[in-house]
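Asker: Let me begin by handing over the structure; questions about it come next.
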Amino acid sequence: MMKFNIQVFAGLAERMQGPLFVLDWDSSIPLTPVILKEHLQVQYPEASTLLSQAFVAINQSYAGDHQIIHENDEIAIIPPVSGGQPKRAELTREKISIEQVTAQVLHPNHGAALTFIGTTREWTHGKRTTMLEYEAYEPMAVKMMEQIVAFIHDQYEGALCAITHRLGKVDIGEISVVIAVSAPHRDAAYEANRYAIERLKQVVPIWKKEIWEDGSEWKGHQQGPWNPREVL
């Protein structure tokens, strides 16, 4: 086995329980930046989105994807630095901050901002829910959410949209999804936000398990015949 000392920073350090950790690695398998990031995305799913955007530095230089990492190398994983574009489509297993999602769309030229908040309700059709659990095909889900964000910008007066959806178990009253939209005028903000939540439910591969006192059931699209290729 080989041991690698790895430094992480900023949001990665918060999601990976500290700025420095030791990775034990099978010496028969060459370690490269691509393999390292894939391994850490599995080990730290809550940091998966940031890791996908991060670069690996070896001995204080940015490394190529397939550069071999040696045991005594100085290794750092560099998340996006300030000044980059915000990540407006995100999956998380942590509690969602309404303020943080909304802040991503506020703009001095936009006179309207609207935030949709989806929560776990206790009673549905007379049946008591104790908890919801969400699962996703994560890479495709993020890709589809990004397409929704881009469509809204192009179709609704340059509107800005940010979507954060929670995965895992979500208790009664807790937030499962936040969609924030801003636009120059309120009509566009209302329409774009409605489009975002309806399209999210129609095409993004996220599944919900309703957990009751006496059982559970996975729920998918519930708005008529399911055809994710249909354009709203």
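Asker: If we count every other residue with Cβ under 12 angstrom of Val177's Cβ, Lys/Arg +1 and Asp/Glu -1, where does the sum land?
Answerer: Computed value for this residue: +1.
Asker: Would you mind telling me the share, in percent, of accessible area of the range 30-180 contributed by carbon and sulfur at probe 1.4 angstrom?
Answerer: The value for the range 30-180 is 51 percent carbon and sulfur by accessible area.
Asker: For the range 78-140, state the average projected area of the convex hull of the C-alpha atoms over all orientations, rounded to one decimal in nm².
Answerer: Averaging across all directions leaves 7.4 nm² for the Cα convex hull.
Asker: Starting from the Cα gyration tensor of the chain, multiply each eigenvalue by 5, take the square root, and state the resulting semi-axes largest first in whole Å.
Answerer: 36, 23, 16
Asker: Follow-up question, since we're still on this one. Quote the convex hull volume per residue of the range 3-78, based on C-alpha atoms, as a whole number of Å³.
Answerer: Cα convex hull per residue, to the nearest whole number: 79 Å³.
Asker: Given a Förster distance of 41 angstrom, what is the FRET efficiency for Gln43 paired with Asp187, based on the Cβ-Cβ distance and rounded to 0.05?
Answerer: The calculated FRET efficiency here is 0.35.
Asker: Would you mind checking the pairs Lys87/Lys127; Lys87/Lys201; Lys3/Lys143; Lys143/Lys208 and listing those with alpha carbons more than 27 angstrom apart?
Answerer: Lys87/Lys127; Lys3/Lys143
Asker: Sticking with this structure for a sec: Which of the peptides 199-207, 174-182, 102-110, 20-28 is most tightly packed, and how do the rest follow, judged by the mean count of other Cβ atoms within 10 Å per residue?
Answerer: Top to bottom by mean Cβ count within 10 Å: 174-182, 199-207, 102-110, 20-28.
Asker: Averaged per residue, what accessible surface does the range 70-141 expose to a 1.4 Å probe, in Å²?
Answerer: Per residue, the range 70-141 has an accessible area of 64 Å².
Asker: Now a separate question. What is the magnitude of the charge dipole of the range 93-232 about its Cα centre, with +1 placed on the Cβ of each Lys and Arg, -1 on the Cβ of each Asp and Glu, and no other charges, expressed in debye to the nearest 20?
Answerer: For the range 93-232, the charge dipole is close to 120 debye.
The values are calculated or read from the model by the stated rules, or taken from the named source; none is laboratory data. Only a predicted model underlies this, so the values are computations on that prediction, with no experimental measurement involved. Using ideal geometry, Cβ is built from the backbone for each residue, glycine included, and neighbour counts are taken over all protein chains shown. Please note that ligands, DNA and RNA were not included when accessible areas were found on the heavy atoms of the full protein model with its side chains. Shrake-Rupley method; radii C 1.70, N 1.55, O 1.52, S 1.80 Å.
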